[in-house]
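What follows is calculated from the coordinates using simple rules that are stated; it is not laboratory data. Nothing here was measured: the structure is a model prediction, and the numbers come from that model. Methodologically, a virtual Cβ is constructed for each residue, glycine included, from the backbone with ideal geometry; neighbour enumeration extends over all protein chains shown.
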Amino acid sequence: MDGSEHVFDDRTPGVEDHEPTASYLSYTVGLGLAILATIASFVVAQTDLLWAPGIPVGLLVLAIAQIGVHLVFFLHLGSGSESTNNVLALAFGVLVVFLLIGGSIWIIANLNANIMLMPM
Amino acid sequence: MSVATIDADPAAVPSTPARGRGGGGPAPKRTVVAYGFWIFILSDMIMFAALFAAYAVLAGSTAGGPRGVQLFNLQSVFIETMCLLLSSYSCGLGALSAERRQPGQFLLFAALTFVLGAAFLFIEVTEFAGMVARGAGPDRSAFLSSFFTLVGTHGVHVTGGLVWLVYLVAQVMVKGLRASVLRRLLCWSLFWHALDIVWVGVLTLVYLMGVA
């Protein structure tokens, strides 16, 4: 085995030799998409053109889209092997967040619907 | 330090690094630090989720007091949103120029980030003061208590982020853009971007749905 072949990619822990994965372009694309989503949210909230009960759903969809833009373009969560752990942790975080918010709204709405107001 | 002397069949070892899956040796410290801070950010998100849940449940409990439609001024909320979004953008560019070892550009972007974040805070504090002056303080109704708790907690986070930024700029000026300072900058930029994500939720759930 000759020493000239470097098939191993061994590194000392703590060695910093990575290439910046982000670029000015990716941040600018992210900013553009985020501004679009924000303006769309403000338009949807104030317009009379849309069916009123659908507006909260539209706002929610736009918010989730914008959060996705922030995660990919600003926080650089991608499909690279370096972000696998981060994406898994995020998935668990999202699960807990949805359980917390959804569960609270569900339970309290149920209680409000079933409450018996006692005559004073 | 040569690793090529290890007696192993090269064909059996993957030649590309597979970070996070056990292959390719230990992950760089930068990746590990970012992962740890990411866990903290997620725990912070869960705290915000509890506040969001409280707000969503109490938003209708106005106790005869003012509702969101009468209180919120969407124009100033739009300016607030743009301030925070642009400060997130300039924070990203600042982190990028720090990684490329361009201290002058980094300081410029850091100053821009600070000014935009401070402008956001100024508008928010003005809005809060106006609401309290009109008798719509946190003591008026459960809706307003949860509103001030949720939006105020986000504001406290932004304040903390600004203090942290000043501290990091001082570190860059004294110590230079060395690896340990770059890792701290990375954590701070994760924190700042995460605050923008929380603001997207506040904007949608509190302001836009409150007015729509």
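Observations on the model:
- Simple spin-label estimate for residue B:70 and residue B:181 gives 5.3 nm between the two label positions (7 Å along the Cα-to-Cβ direction from each Cα).
- Unit charges on C-beta of K, R, D, E only; dipole of chain B, Debye: 420
- Panel order for B:187, B:91, by other beta carbons found within 10 Å of each beta carbon, from fewest to most: B:187, B:91.
- Computed log₁₀ I(q)/I(0) - Debye formula, equal Cα scatterers, no solvent, the stretch A:28-120, q 0.16, 0.23 Å⁻¹: -0.89, -1.14
- For the stretch A:22-76, the alpha carbon convex hull comes to 50 Å³ per residue, rounded to a whole number.
- Calculated FRET value between residue A:81 and residue B:101, using beta carbons and R₀ = 45 Å, to 0.05: 0.95
- Euclidean distance between Cα centres, the stretch B:33-57 to the stretch A:61-80, Å: 16
- Kirkwood hydrodynamic radius (C-alpha pairs) into Stokes-Einstein, the stretch B:36-189, 4 °C and 1.567 mPa s, D in µm²/s: 75
- At the listed q of 0.15, 0.21 Å⁻¹, the Debye profile of the stretch B:21-116, built from one uniform point per Cα, gives log10 I(q)/I(0) equal to -0.93, -1.14.
- Amide N proximity, the stretch B:75-98 versus residue A:24 label position 7 Å along Cα-to-Cβ, cut-off under 18 Å: B:86-98
- Spread of Cα-to-Cα distances over 20 Å intervals beginning at zero, given as percent, for the protein assembly as shown: 27, 50, 18, 4, 0
- Loop-resident chymotrypsin sites (Phe, Trp or Tyr not before Pro) (DSSP state other than H, G, I, E or B) in the stretch A:37-120 with no more than 11 further Cβ atoms inside 10 Å of their Cβ: A:51.
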